Amino acid sequence: MEKKNAWAAQAGMDEKIEAFAKAYCDFIDHGKTERECVSYGVKLAAGRGFEDMMAVVRAGGKLKAGDRVYVNWMNKSLVLFVVGQRPLDEGMNILGAHIDSPRIDVKQNPLYEEKDIAYLDTHYYGGIKKYQWVAMPLALHGVIVRKDGTTVTVAIGEAEGDPVFCISDLLPHLAQEQMTKDGKSLIEGEALNLIIGSRPQEGAEKEGVKARVLQILKAQYGVEEEDFLSAELEIVPAGKARDMGFDRSMILAYGHDDRVCAYPSLAALLDYEGTPEYTLCCVLTDKEEIGSVGATGMAARYFENIVAELYALTSTYSELGLRRALSNSRMLSSDVSAAYDPNFASAFEAKNCAYLGRGICFNKYTGSRGKSGSNDANAEYMAALRRILDDEGVAFQTAELGRVDLGGGGTIAYLCAKYGMNVIDSGIAVLSMHAPFEVVSKVDVYEGYRGYCAFLRHAGPLQAR
């Protein structure tokens with residue numbers, strides 16, 4: 001039952017693995033926020049002949065088998081389709097992943113000066129260990145939307161010569177009291193204040209450092225302090241993805257969760273050639289790290305609404321047909337798994353956990369302590385996927401997220417399963433998940449891509465339910 005290391009199983013594929021890893025690193029270097037991922041994804045899709053589906057809707061057009069379309073949803077989620085030969089109500093083969101990652105967000109009224117240092121006040125996003133985010137180089141990404149509706153795109157701290165930012169920490173010599181605290185309170189959320197300046201503006205009578213920052217923002221970006229009210233600015237680790245290890249077998253980067261599943265899912269759909277039997281879909285969604293809430297999260301009805309539009313473009317629309325299309329679909333909820341870490345072995349159950357370098361990972365169920373909040377996929381569906389992957393020679397493994405009583409987690413799987421479709425979590429094993437820099441194996445990333453390709457080509461309906 002123990003799975004072999006995928007590097008040995010896929011000997012002779014080094015060039016393909018390295019080429020795919022490079023393409024993946026380009027994606028995450030250009031996509032440190034959900035908006036940047038959508039922008040980069042749309043660019044890739046347009047280059048592969050995908051059209052804007054809503055433009056087809058506005059033009060009163062129709063779609064036929066083989067057509068390739070996408071929907072950019074509020075610049076934060078992206079849905080792509082390759083229209084199949086069979087009617088949509090016979091279901092789709094769907095790959096779904098999220099493109100938001102744990103980070104620190106800038107508040108709406110953030111800018112202040114304290115003792116000749118200018119700061120941005122923040123609110124962290126998702127499950128982070130706050131102490132990991134101090135005393136390291138940080139970058140600022142996002143958009144500032146002026147009152148007239150014009151948008152300024154911000155990405156500071158990534159290019160050669162850019163300044164970076166930082167959140168300070170207390171020196172060990174004065175940290176005796178701090179070091180008695182537990183991990184949760186070692187750094188408080190209100191202490192995650194981003195240092196952005198320390199030089200006062202000449203002639204300023206008070207708050208000169210803040211005045212100089214505002215002068216720079218006005219000169220370089222044409223924005224005023226009030227424009228922070230309509231800004232979405234995200235603080236992320238500065239720097240590009242890097243090869244890790246003497247053997248360069250791993251990738252160290254910010255945002256593997258869940259872009260390490262999002263990019264292979266997107267690439268699998270973009271690389272599909274010909275006209276599929278069943279309609280293929282890739283959905284890259286937002287807000288998973290905070291419960292899939294809001295208009296761009298999977299708990300919203302935007303995906304259902306987009307499928308309804310697709311239905312109307314391919315046949316005569318009916319509500320029952322839409323329900324059948326969703327219920328008859330097959331989905332891989334592409335999300336990461338916690339890789340076994342020998343440094344923290346007691347957190348795992350060795351027979352049922354993911355391992356770095358053993359291929360794509362399937363979690364039949366997630367949830368926490370008694371499978372609470374879990375999808376728990378059907379055995380019949382898992383059997384069908386085993387056949388597909390074995391026939392294609394894809395290295396895969398199965399896992400749970402840690403010891404039974406220790407913790408757990410959730411994905412978008414249960415939200416899609418509510419339609420009655422078959423869904424299972426499948427993704428890549430990650431070391432140091434939710435840390436500013438996470439670790440994945442290059443061979444796992446490539447096996448994930450191969451697994452998603454095999455699913456798109458061969459998944460079909462199970463026996464009548």
Checklist entry - Per-residue ellipticity at 222 nm for the chain, helices alone: DSSP H runs ≥ 4 residues times -39500 (n - 2.57), over residue total, nearest 500 deg cm²/dmol? => result -8500 deg cm²/dmol
Next on the checklist: On a 1.4 Å probe surface of the protein chains, which of ASP257, ASP26 comes out largest in accessible area, and what is the full order?
Outcome noted: ASP26, ASP257
Checklist entry - How long are the semi-axes of the ellipsoid equivalent to segment 247-360, from square roots of 5 times the Cα gyration tensor eigenvalues, in whole Å, largest first? => result 34, 18, 14
Item to check | Solvent accessible area, Å² - THR275, 1.4 Å probe, full protein context | outcome: 60 Å²
Checklist outcome for this item: In Å, the Kirkwood hydrodynamic radius from C-alpha pairs for segment 340-394 sits at 13.2 Å
Checklist entry - Within the P(r) computed for segment 1-134, what percentage of the Cα pairs occupies the region above 23 Å? => result 59 percent
Checklist entry - GluC sites (Glu not before Pro) within segment 168-223: which are DSSP loop residues with at most 12 other Cβ atoms inside 10 Å? => result GLU177, GLU188, GLU202, GLU205
Checklist entry - If you build the Cα gyration tensor of segment 407-465 and take the root of 5 times each eigenvalue, what three semi-axes come out, in whole angstrom, biggest first? => result 27, 18, 7
Item to check | Out-of-range pairs (alpha-carbon distance over 19 Å; input LYS22/LYS76; LYS129/LYS184; LYS371/LYS418; LYS147/LYS218; LYS22/LYS442) | outcome: LYS22/LYS76
Item to check | Per-residue SASA entry for ASP162, accessible area with 1.4 Å probe, Å² rounded to 10 | outcome: 60 Å²
Item to check | Solvent-accessible ranking of MET244, MET298, MET250, largest area first, probe 1.4 Å | outcome: MET244, MET250, MET298
Next on the checklist: I'd like the distance between the alpha-carbon centres of segment 387-465 and segment 117-174, rounded to an integer number of Å.
Outcome noted: 32 Å
Next on the checklist: Principal axis extents for segment 45-99, Cα atoms only, whole Å, descending order, please.
Outcome noted: 30, 27, 20
Item to check | Rounded to the nearest 10 Å², the accessible area of LYS16 at probe 1.4 Å | outcome: 130 Å²
Next on the checklist: For a bin width of 10 Å, list the pair-distance distribution of segment 305-438 built from all Cα-Cα distances, rounded to whole %.
Outcome noted: 12, 36, 30, 16, 6, 1
Checklist entry - So for the pair ASP247, ALA65, with labels modelled 7 Å out along Cα→Cβ, what separation do we get in nm? => result 4.6 nm
Item to check | Straight-distance crosslink candidates among aspartates and glutamates, where the alpha carbon sits under 20 Å from LYS206 and sequence neighbours closer than 8 are dropped | outcome: GLU113, GLU114, ASP116, ASP121, GLU224, GLU225, GLU226
Checklist entry - On average, how much area does the Cα convex hull of the chain cover when viewed from any direction, in nm²? => result 24.9 nm²
Item to check | Neighbour-limited loop hits for trypsin sites (Lys or Arg not before Pro), segment 221-265 (at most 14 other Cβ within 10 Å; DSSP other than H, G, I, E, B) | outcome: LYS240, ARG248
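The values are calculated or read from the model by the stated rules, or taken from the named source; none is laboratory data. If you're wondering where the values come from, they're calculated on a predicted model, not measured in any experiment. As a convention, Cβ positions derive from the backbone with ideal geometry for all residues, glycine included, and neighbour counts pool all protein chains shown. Accessible surface is based on the protein model in full, side chains and every heavy atom, while ligands, DNA and RNA are left aside. Shrake-Rupley method; radii C 1.70, N 1.55, O 1.52, S 1.80 Å.
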